Structure formats: structure tokens, C-alpha cells
Ligand SMILES: Nc1ncnc2c1ncn2[C@@H]1O[C@H](COP(=O)(O)OP(=O)(O)OP(=O)(O)O)[C@@H](O)[C@H]1O
Ligand SMILES: [Mg+2]
């Protein structure tokens, strides 16, 4: 993170490592986030058809495929945005298939969006703090009025959010309105917001979309740091060089179905993947 923070902030900005502010669950297969045979239909369209995928703590899993192949739908299923029509989703052995989306932060699954969704007129710091409210036992309203414990919790959340922003290289922009950030900064801000909840998993929808080569390098460092904190990462991406370089395992989808799952080399060299996606 030093390079990112240094390059973005340039001067004598204090930056704390992300490592101190994200959760570090024990490495164990019991902590897997697992989708088994999930199917999702929209009217006559089967967006995801019998797909299985397992995420591990401290590992990066890439999800690739042509436009409309079901990548975002798969992320939406894993994050609880949609319920699956068939199949199941479990975290650490507990079925999550029918857990409402509001509960997902509590079970430790954060996400970013294909098009960044920020509250543009709020500050960068406030946007990141919004990612962490699940922790505050006092709740949003009483926190807003800064009463008793709520005041202390808000201060702790503010400190954690500020540390994350420094670690991700946005510390110098903390008090700027979110809509004044450039595109890459908005993408990194979404990641910081997700990390504020100290998730076990973070699911990113095309985080490299619209980024320059240099910014993709910064993103790679951010993802590596998150991974090293034992958080599991799902990366939905069209930038296949980036995915193959950073992932432990990769799943390729086509028309909602699994085309291939394996190591980056296995997927990159698979004749069907080359035929329908990489060679296109
Ligand atoms: N909310 C929805 N309502 C109806 N159809 C949908 C909905 N979401 C996705 N679809 C359809 O499901 C299929 C898969 O879409 P999805 O967005 O998951 O693809 P994707 O792989 O993320 O594509 P892209 O690379 O373009 O982002 C597409 O045919 C899409 O039109
Ligand atoms: Mg998509």
C-alpha cells in the first residue's frame, strides 16, 4: 500500500495499513463462501444456470465471461441481492440462500458495483463510514444524535474509515465530496466502503473497468493487501490479464453456464474458453 498511498497523496500524508482495519478470520474450509448449483431466471432468460463456485478466505477468485454471461447475476446471488431460484449459497456451512439482503453485511459479505454507487454530495469519509454502520449497536438514529455510547462508536467508526482511506491512498481526499473524485478514486472509495464493515468476503464487479494501466496496478496492490488480510475476494472482470495474474482460481461463464473452473493457467489454455471468449 505504501506505493499507492505515496503516489496518490504524494506528500507527508500519514497512512495506516489496511491490515489493521480488516478482519482476519482463521484459514479454514469451514469459512468458505460456497454457491452450489445455483440458477437464476428473469422471465424467460436463465441468467445463471446450475453454477457452483467456492470462495476461500485469503484467496482471489476471478469470474470471467462474455457480456451477458451471468457474472453480475452470480455476484448478486452471492451477495444476497437476489435469491436463487435453485441451488444454495452457504457461508461457513450456514445456508444463506434466503437471508435478506439487509442481513448480508452482518454475515460479512461486502460488494462493489459495476457502476460505482456513491452518495455524491456526501464527503468521501461519510461514504466510507456508511459501510460500517452494522457494527454500531446503538444504531443509526441515535448515532446521528451522538448520544452516549453512540458517540463513542461513531468516533471509532470514523477512525477506522479514516485509516482505511489512508491505506487505500485516498486519505488526502477524505473531506472532499464523493462526486468530485475521478473514476478510479470512486472505484477505490467503494472498496474502502466495503472494507469498513470488516467483511470476510468482498465481491467486486468490474473493479478495473475504466481504469488506466497504472490505476490497474494500484488496484492489484489493493486486492493483494486485502487478500493478505485473509479476506476472500471475488473479481468479476473483462481485463483478463489482470484476472489471470491476481487470481488463485478462475471461473469462466458462457450463456449463464460454467465453461471452465481451474487455475489461471488451466482456464487461460482451455480450448473452449479460447474459442468462446479469449479468442473472440
Ligand atoms: N434484473 C434483470 N432483469 C432481467 N434480466 C436480467 C436482469 N439482470 C440480468 N439480466 C439478464 O441476465 C443475463 C445475464 O446478465 P448479467 O448482467 O449477469 O451479465 P454479465 O456477465 O454481468 O454481463 P456484462 O459483462 O455485460 O456486465 C443477461 O441476458 C441480462 O440481460
Ligand atoms: Mg455485469
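May I ask you to compute the full-extension gain from residue 241 to residue 66, defined as 0.36 nm times their residue separation minus their alpha-carbon distance, rounded to one decimal in nm?
That pair, residue 241 and residue 66, stretches by 61.5 nm at full extension.
Sticking with the crude label model, points 7 Å out along Cα→Cβ, report the distance from residue 119 to residue 278 in nm, one decimal please.
With each label point 7 Å from Cα toward Cβ, the separation is 4.4 nm.
Modelled label-to-label distance, residue 176 and residue 152, 7 Å Cα→beta-carbon offset: nm?
Spacing of the two 7 Å Cα→Cβ label points: 3.6 nm.
Calculate, in nm to one decimal, what residue 126 and residue 266 gain on full extension: separation in residues at 0.36 nm each, minus their alpha carbon distance. Intermediate values should be presented prior to the final figure.
Details: separation 140, 0.36 × 140 = 50.40 nm, distance 4.26 nm.
Length difference between fully extended and current span is 46.1 nm.
Going by average Cβ density within 10 Å per residue, which order do the peptides 70-80, 269-279 take, highest to lowest? Provide the component values of the computation, followed by the final result.
Working: 70-80: 24.0, 269-279: 15.0.
The densest-packed peptide leads the list: 70-80, 269-279.
Please sort 85-94, 213-222 by packing, taking for each peptide the average over its residues of neighbouring beta carbons within 10 angstrom, highest first. Mind dumping the intermediate values first?
Numbers: 85-94: 15.8, 213-222: 17.5.
The packing order, highest mean first, is 213-222, 85-94.
Return the distance in nm (one decimal) between the two label points of a simple spin-label model at residue 85 and residue 30, each offset 7 Å from Cα along Cα→Cβ.
Distance between the two pseudo-spin positions: 3.6 nm.
Looking only at Cα atoms, what is the convex hull volume of region 168-280 per residue, in Å³? Write out the running numbers ahead of the final one.
Numbers: hull volume 13.9 nm³, N = 113.
Once divided by residue count, the hull of region 168-280 is 123 Å³.
Please label the shape of region 146-232 as rounded, prolate or oblate, based on the square roots a ≥ b ≥ c of the eigenvalues of the alpha-carbon gyration tensor (a/c under 1.5 means rounded; beyond that, a/b larger than b/c means prolate, else oblate). Don't skip to the answer; put the middle values down first.
Working: a/c = 2.41, a/b = 1.49, b/c = 1.62.
Note, shape of region 146-232 comes out oblate.
Taking only C-alpha pairs under 8 Å that are 6+ residues apart, what is the relative contact order of region 147-230 in percent?
On the way: 35 pairs, mean separation 21.3, N = 84.
For region 147-230, the relative contact order is 25 percent.
Computed from the coordinates by the stated procedures, all read-outs in this text should not be read as laboratory data. Computed from a predicted model, the values in this text were never measured in an experiment. Cβ coordinates were reconstructed from backbone atoms using ideal geometry, including for glycine residues, and neighbour counts include every protein chain displayed.
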